[in-house]
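Let me begin by presenting the structure, written as structure tokens, before commenting on it.
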Amino acid sequence: MSVIIKDVENKSPAKKAGIKAGDTLVSLDGNIIMDVLDYRFYQTREKIIAEIINSKGKIKKKEYDEIGLIFDTYLMDQKRSCKNKCIFCFIDQLPVGMRDSLYFKDDDSRLSFLFGNYITLTNITEHEIERIIKMHISPINISVHTTNPELRVKMMTNKNAGNALKVMKRFDEAGIKMNSQLVLCPQINDGVELERSLNDLLSLKNMECIACVPVGLTDHREGLTALKPFDKYSAAEVLDIIDKYAEISVQKYGSRRIYGSDEFYLMSGREIPPAEFYGDFLQLENGVGLWALLKSEAESALNEFDTISEKRHISMATGVSAYPLIRHIADLCEQKPGGLKCDVYAIQNNFFGKKITVSGLVTATDIFDQLKDKDLGEKLLIPSAMLRAEGDMFLDSITLDELSQKLNISIQPVNNDGYELICAILEN
């Protein structure tokens, strides 16, 4: 395989070697370059022979420095889509008419390493397995769901799904660090099946962290497998199993390794543990420890403010599940001298369905419908998780500017960072 070079960075080692935009990269030091992982791995040496179609570029640079080549896409080719048909897949539950990019199912091992995406291992080739081991690419994030091969095949509707544990064992033997997630569906892969999965995953010494999250169910499941949500009792049962195997993990490895997502605590009515419970917060992207970290950071940041600069009125919009925490933080801020009024609104999710309560799935449509008649004060704060990566558009394709104009108020996205949130609330 060869890759066309889109551009070459000015003053880079590649530029000095005479490589030009439009040239085609074939290999580095005789190693065929198929994608970004090959490129990043083989460009680290101090002296490199780059094979370019019709020429060879001898590149000199400092060890580990970038060569300076730019390609059409970050991966140097297209992302690989998921071949599974999981019974719990959230993308299959999206309403029609959303922008095309939201319907793309990613299952690309390269993105697991580069960006922390989770992969199922059903789409991985023997070449990729061997490359991960050879290059010692680590950590790899894996969507496991169950270690029962037959059950995994049924849950993912993929005949290859049962081979995942074998691949994970190979990674483990090679010293590849792994993180895993289990999306749990009541009466399918919880209970005894969850115990089996946790026991199997704890047998892998390089499995650093295991996150258990509840299935998310929208109102758009026509023609899909019948699933029911967790209730208070079944969520508590999951946490009991997690605690049981977490204790086994502590005895075996000296660390907990297994966590339930914040949603399980909220569903069960149990108190969310303090920040120190979550160690290095390895699974924030799965909602594990988000609540505790934000609470801890916000309470710490408040100590840096004695008073509010001037009397003011602001509002915050959040998801239903996060509302108690955001209201708690707002109450603490209002106690500071200076005259702050901070209204907090829990936005019901009518777009996807009221069973969806997380802030990251709140749309501009629901915000507008529920806040259009409210006095929002000087500005409206929202979690940046409601917006796509570029920070400009909600899931329903309404832009931040459009919503701001419709509500006639300045809207400020805030990252999931307690210090940033407190500054946004207390400072102009």
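Couple of notes before you dig in:
- Lone qualifier among L284, L332, L294 - being open to solvent by less than 40 Å² (accessible area, probe 1.4 Å) and in contact with a Leu (Cβ under 8 Å, 6 or more places away or on another chain): L294
- A single member of A236, A226 is surrounded by fewer than 14 Cβ atoms within 10 Å (Cβ to Cβ), over 28 Å from I132 (Cα atoms) and hydrophobic (A, V, I, L, M, F, W, C), and it is A226.
- Candidates are the residues of segment 168-185 that are assigned to a loop (DSSP other than H, G, I, E, B) and more than 23 Å from the chain's Cα centre (by Cα); the one that is farthest from T125 (Cα to Cα) is G175.
- For C82, the test of being at pLDDT 85 or above, within 31 Å of the chain's Cα centre (by Cα) and closer than 30 Å to G216 by Cβ is failed.
- Put simply, of G260, G289 the only residue that is within 19 Å of N415 (Cβ to Cβ) and either surrounded by 15 or more Cβ atoms within 10 Å (Cβ to Cβ) or of a type in the set (K, R) (or both) is G289.
- The lone exception for F277 - which of (1) out of contact with any Phe, Trp or Tyr (no Cβ under 8 Å at 6 or more places or on another chain); (2) aromatic (F, W, Y); (3) in contact (Cβ under 8 Å) with a residue 40 or more places away in the chain; (4) assigned to a helix (DSSP H, G or I) it fails: (3)
- Checked against (1) part of a helix (DSSP H, G or I); (2) touching a residue at least 12 places away in the same chain (Cβ under 8 Å), D243 meets all criteria but (2).
- Against the conditions (1) outside any loop (DSSP other than H, G, I, E, B); (2) closer than 25 Å to R388 by Cβ; (3) at pLDDT 85 or above, L114 satisfies every one except (3).
- Candidate set from segment 3-37 (those that are aliphatic (A, V, I, L, M), touching a Phe, Trp or Tyr at 6+ places or on another chain (Cβ under 9 Å) and in a strand (DSSP E or B)); member that is most open to solvent (accessible area, probe 1.4 Å): I4
The values are calculated or read from the model by the stated rules, or taken from the named source; none is laboratory data. The model shown is predicted, which means the values in this text are computed figures rather than measured ones. Cβ: placed from backbone, ideal geometry, glycine included. Neighbour counts: every protein chain shown. The accessibility values were calculated without ligands, DNA or RNA, using every heavy atom of the protein model including side chains. Shrake-Rupley method; radii C 1.70, N 1.55, O 1.52, S 1.80 Å.
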